[in-house]
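Engineer: Supplied in structure tokens, the structure appears directly below.
The values are calculated or read from the model by the stated rules, or taken from the named source; none is laboratory data. Predicted model, so just to flag it, every value in this text is computed and none were measured. All Cβ positions, even for glycine, are placed from backbone atoms using ideal geometry, and neighbour counts span all protein chains on display.
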Amino acid sequence: MRSDRRLKDSNREKRIYAFRTILAALFVLGLTSALIIRLYDLQLVNHEHFQTLSDKNRMQLQPISPNRGLIYDRNGVLLADNKPIFSVVIIPEYSKNVDESIASIQEIIDITPEHIKRFKKRMRRSRRPYQSVILKSKLNEQEIARIEVRRHELKGIEIQAELARYYSMGSATAHSIGYVGRINEKELAAVDAKNYSATNYIGKLGVERFYESELHGVVGYQTVETNASNRVLRVLDRIAPTPGRNLTLHIDSGLQKKAVELLGAKRGAVVAIEPSTGGILTLVSTPSFDPNLFVTGIDYKSYSALRDSLDLPLFNRSLKGQYPPGSTIKPVLGLGGLDSGVTNRAFSIWDEGKYQLKNDERIYRDWKRQGHGRMNLFSSIAQSCDIYFYDLAFKMGVDNMSKYLGDFGFGQNTALDISEARDGLLPTREWKRALKGRAWYPGDSLNMGIGQGFMLSTPLQLATASAVMANRGRWVQPALLKLASVGARPIRQRKIEMNDIQMINPEDWDYIIDAMSEVMHGKRGTARSSGRRASYRMAGKTGTAQVVGIKQGEKYDAEALSERNRDHALFIGFAPVINPKIAVAVIVENGGGGSTSAAPIARALFDEWILKLAASDKTESME
Amino acid sequence: MSQDFLRQMPGAESHLKQSQGLAFRLHLDPILLGLLLVLCTIGLGILYSASGQSMVHVEKQLVRFGLAFFVMFVFAQLDPIVYKRWSPWLFGLGVLALVGVLVFGTGAKGAQRWLQLPGGLPRVQPSEFMKLVVPMMVAWFLSSRYLPPSLKAVLGALLLIFLPVLLIVKQPDLGTSILIAASGVFVLMFAGISWRLVAGFGALIAGFAPVMWMFFMREYQKQRVLTFLDPESDPLGSGWNIIQSKTAIGSGGLWGKGWLEGTQSQLDFLPESHTDFIIAVCAEEFGFMGVLGLLLLYLLIVFRGLYIAVKAQDSYGRILAGSLTLTFFVYIFVNIGMVSGILPVVGVPLPLVSYGGTSAVTLMAAFGVLMSIHTHRKMLSR
């Protein structure tokens, strides 16, 4: 081992040191080269890769929801508007403690346990980082002000504005326009998810649902620059969304309001159609509900109250209510009888109040116990004689009756833009065999002849038939949409076509319509009290639909039956007789007779509409 | 030749001497000082951008630089002989302080690095102090012996190096311990340690590494190494930093996105952007050329340091100056290496650019020592 005590060799030390310094310099240059190669690799060779990563970090493509198309009535009255609503939201990433945040808002505004329950439910759903979660929607101005004032203390809490649907007529249009609501996963699966990527609402019912694709519009996009905490700093690029198409409906808000008013607290439905176009002027079902409650989500208590109400406010009677049409189909059957040659204008019967088939003990009664006496088709319609129609039904048979009723649209949904409407029921032999497993008996035909028995129809079908009658067989299919603002695609409607009804003798139309006019204006017309003192002539037919079956030999006593077992009152009609402007169907559930509770409503609507038209004609001619 | 030319001009030589004399009288090296001032100025510019354009950070850093230059000036005034004489005493004090840190220390994030002095005195970070004292001590130990050092001397020197290093690893502070170990080893290298010994110790360390892994490294340190080996394994957790810094560097391209225009740093995607990861900001905003420029500046400083070391008059000054200079380079290499993903993440700041006062003061103190070695010349040796 060498000793450390050797004399220091300064020159050798210097030589070694110089060599080592050169090595150190090479060491430095070598490592620096390694760094430079690394930087070259990152910054020049792989620059594009990292540029992409960097852009991905900061740039986000955000969808922008298109503004939903507005819905107007035929006069330009706004029925469905988009109004800003304000919600208090929590962004969990910014809030230190979500429960504390809720508690701090609770000190300022009213937050119910249900709000919190729903908030927690929304929190559990999958969401993007920094996506806000709604705590309470539809804040009023006072609540907004209170939150804004204390904004600085509320970490992670924000007020968010969005456009939400507002229905200016509220419950009056709930059953015709329908409503939108927050889109759910099932609905999202059924639409083009890309186009709905920024959309919160979707049409759930009515026009809103049927014309969803027209009303929705096309999603827009913006490229935004965000920082690491996902705050949007600026918009880099923007493709504006295409707003949805504005729709103008045939509905007349004044007439709609009038119908609601006339029905009042009664359960019922009114459908009014413009015979020249098939445009639905009025579509009312009472009782109704406020559609605005459903837009941002109805609370459970209000919803269960609506759902459990005996009056079924959520049930759309005008489209889904299926009632026996009663005597309202007599004009159609009369027309069919004439056209098929089963009866003629001269033929008459003697009505003693009873009708019996051969080999059948059952007695078929007239609504008028003592009978009407001598009756031909004209007077049978005017006075709603049942016996004549028992006879006619027997002679026509089910096949013939079904054919003519079908020509008038019974048994199917003929509307162009209402998919919720039910088909009703137009019975045939085949139907009865298939469903009941029994043959069609002549007695079934008799019941059908006065609109009872198996046959069911909706108020919309009755109004449509009334409009076709007013047009003397020219078909107009009912539709809510009058016109839509310009759009890229043609409007999609239901594919269904009805053929105009041709009579062998076209004068039969006038004969039947005259009879219907006699209902309103004749001395013995069943609705003469509703036809009185009119400046125009109208045509109509009353009807009564049994709710409970009356046993053989029993007498119907409205007083004795409880209110909900009373008959439904029906009325169809149109006015004026010449050049008709409006055709209606009215049903008042448990209203008793059609002449007493349904016909007056129709008369009031006729007046409203015809006088209004006259007034607007006057102003037009003055101009 | 220039000297010949100067000699022909009357009064020129005295003028030259006078100007040299002014720097010498102040014991400053004008070249090194100039380079450092340029570096600090550039550093402040990058810091302004990296801190999210915060003048507060820049002003604070400016005050620290002022203090650091003052410390450099003071250290430059002391004769190297003083450092040599005081080396063992300072070393002993430092080791005691490090033991004190482990016993009484305070700190943050699970690491104890600070020692609170009694009687209202400020708290100190003994490991920073040791960055200077360990190379001084090893240089003192070896320079008084026959060089190149014998095995015994080398073992003694290694003991002097690894006693404080282990104490610092214990804190734990991997970055500082690496720097101190490196500074000690550099002293040995400059002292002329034989290559056979270097190879032997290299093999020993390679064998010792698994033992280090199993017994000495903390969980978070292991995590860093694992993350370094595969940053994509945990892209949102510990891999986030390195992925973001690579993205920042790579997206800078040749010329960069421009000052204050770096999206990674300005939009907070780059963590620690104004401290350890500040080179990524520079690379993003000034591109490959910008980093190349900064590296060139660093190299000039390093080569000036090596020049001073070569010109030193005695072996103590020589090997100390060489070691301090190379340690400065190790700062740069480890920092840029870790930020660009070729080294694991250890907490080493980028000298005089990263925000923070402690390392700035220590570094400038080291440059003060270099200047002291350069400017305190004995006539005897000529």
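Engineer: In region A:53-85, which residue that is under 30 Å from residue A:248 (Cβ atoms) and of a type in the set (A, V, I, L, M, F, W, C) is nearest to the other protein chains (Cβ to nearest Cβ)?
Structural biologist: Out of the qualifying residues, it is A:64.
Engineer: Just one of A:405, A:416, A:392, A:435 is assigned to a loop (DSSP other than H, G, I, E, B) and either closer than 22 Å to residue A:541 by Cβ or under 37 Å from the mean Cα position of the chain (by Cα) (or both); which is it?
Structural biologist: A:416
Engineer: Taking residue B:212 as the residue in question, decide whether it is within 14 Å of chain A (Cβ to nearest Cβ), under 28 Å from residue B:359 (Cβ atoms) and part of a helix (DSSP H, G or I).
Structural biologist: no
Engineer: Within region B:102-124, does at least one residue satisfy the condition of being under 21 Å from the mean Cα position of the chain (by Cα), touching a residue at least 60 places away in the same chain (Cβ under 8 Å), closer than 23 Å to residue A:18 by Cα and away from chain A (no Cβ under 14 Å)?
Structural biologist: no
Engineer: Another question about this same structure. Determine whether region A:94-113 contains at least one residue that is touching a strand residue (DSSP E or B) at 6+ places or on another chain (Cβ under 7 Å) and within 14 Å of chain B (Cβ to nearest Cβ).
Structural biologist: Among the residues of region A:94-113, not one is touching a strand residue (DSSP E or B) at 6+ places or on another chain (Cβ under 7 Å) and within 14 Å of chain B (Cβ to nearest Cβ), which makes the answer no.
Engineer: Among all residue pairs at least 6 apart or on different chains, which show Cβ distances below 8 Å where the first residue, located in region A:252-274, is touching a residue at least 40 places away in the same chain (Cβ under 8 Å) and the second is aliphatic (A, V, I, L, M) and surrounded by fewer than 20 Cβ atoms within 10 Å (Cβ to Cβ)?
Structural biologist: Here the result reads A:253/A:77; A:258/A:604; A:262/A:604; A:267/A:312, each pair linking region A:252-274 to a residue that is aliphatic (A, V, I, L, M) and surrounded by fewer than 20 Cβ atoms within 10 Å (Cβ to Cβ).
Engineer: Looking at the structure I just gave you, is residue A:50 on the phi < 0 side of the Ramachandran plot, at pLDDT 90 or above and within 14 Å of chain B (Cβ to nearest Cβ)?
Structural biologist: Judged against the criteria, residue A:50 is a match.
Engineer: Cβ-Cβ below 8 Å, separation at least six or inter-chain, first residue in region A:101-116 and among the small types (Gly, Ala, Ser), second in a loop (DSSP other than H, G, I, E, B): which pairs?
Structural biologist: A:101/A:95; A:101/A:154; A:101/A:155; A:101/A:156; A:104/A:154
Engineer: Checking the conditions here, which among B:53, B:3 is modelled with pLDDT under 80 and of a type in the set (S, T, N, Q)?
Structural biologist: B:3
Engineer: Those residues that are without any contact (Cβ under 8 Å) to a residue 24 or more places away in the chain and over 18 Å from residue A:325 (Cα atoms), I need them from region A:363-395; list them, please.
Structural biologist: Listed by number, the residues that qualify are A:368, A:370, A:371, A:372, A:373.
Engineer: Taking the conditions exactly as written (within 24 Å of residue B:148 (Cα to Cα), aromatic (Phe, Trp, Tyr) and touching a helix residue (DSSP H, G or I) at 6+ places or on another chain (Cβ under 7 Å)), does residue B:316 satisfy them or not?
Structural biologist: yes
Engineer: Still on this structure, I have one more. Of the residues B:186, B:228, B:215, which is loosely packed, with under 13 Cβ neighbours inside 10 Å and not acidic (Asp, Glu)?
Structural biologist: Checking each option against the conditions leaves just B:215.
Engineer: Write out, first by first residue and then by second, each pair whose Cβ atoms fall under 7 Å of each other, whose residues are 6+ apart or on separate chains, and whose first residue, in region B:295-317, is within 21 Å of residue B:377 (Cα to Cα) and more than 7 Å from chain A (Cβ to nearest Cβ) while the second is buried (at least 20 other Cβ atoms within 10 Å of the Cβ) and among the basic types (Lys, Arg).
Structural biologist: B:312/B:318
Engineer: Another one. Looking at region B:264-289, which of its residues are within 11 Å of chain A (Cβ to nearest Cβ), surrounded by fewer than 22 Cβ atoms within 10 Å (Cβ to Cβ) and of a type outside the set (A, V, I, L, M, F, W, C)?
Structural biologist: Passing the criteria: B:268, B:271.
Engineer: Say whether the condition of being within 14 Å of another protein chain (Cβ to nearest Cβ) and either within 21 Å of the chain's Cα centre (by Cα) or not β-branched (Val, Ile, Thr) (or both) is met by at least one residue in region B:157-170.
Structural biologist: Yes.
Engineer: Follow-up question, since we're still on this one. Which is closer than 30 Å to residue A:285 by Cα and surrounded by 15 or more Cβ atoms within 10 Å (Cβ to Cβ), of A:225, A:208, A:261?
Structural biologist: Answer to the selection: A:208.
Engineer: Is it true that some residue in region A:251-264 is in contact with a Gly (Cβ under 8 Å, 6 or more places away or on another chain) and in a loop (DSSP other than H, G, I, E, B)?
Structural biologist: no
Engineer: Would you point out which residue out of B:353, B:348, B:339 is away from chain A (no Cβ under 14 Å), touching a helix residue (DSSP H, G or I) at 6+ places or on another chain (Cβ under 7 Å) and crowded, with 24+ Cβ neighbours inside 10 Å?
Structural biologist: When all the criteria are applied, what remains is B:353.
Engineer: Working only within region A:68-108, note down all residues that are out of contact with any Phe, Trp or Tyr (no Cβ under 7 Å at 6 or more places or on another chain), modelled with pLDDT of 90 or more and loosely packed, with under 15 Cβ neighbours inside 10 Å.
Structural biologist: Hits for region A:68-108 are A:75, A:76, A:84.
Engineer: If residue A:328 satisfies all but one of (1) under 19 Å from residue A:509 (Cα atoms); (2) in contact with a strand residue (DSSP E or B) (Cβ under 6 Å, 6 or more places away or on another chain); (3) assigned to a loop (DSSP other than H, G, I, E, B), what's the number of the condition it fails?
Structural biologist: (3)
Engineer: Follow-up question, since we're still on this one. Does any residue of region A:308-316 turn out to be buried (at least 18 other Cβ atoms within 10 Å of the Cβ) and farther than 21 Å from residue A:590 by Cα?
Structural biologist: no
Engineer: Give the residue, chosen from A:34, A:18, A:24, that is within 8 Å of chain B (Cβ to nearest Cβ) and loosely packed, with under 13 Cβ neighbours inside 10 Å.
Structural biologist: A:18
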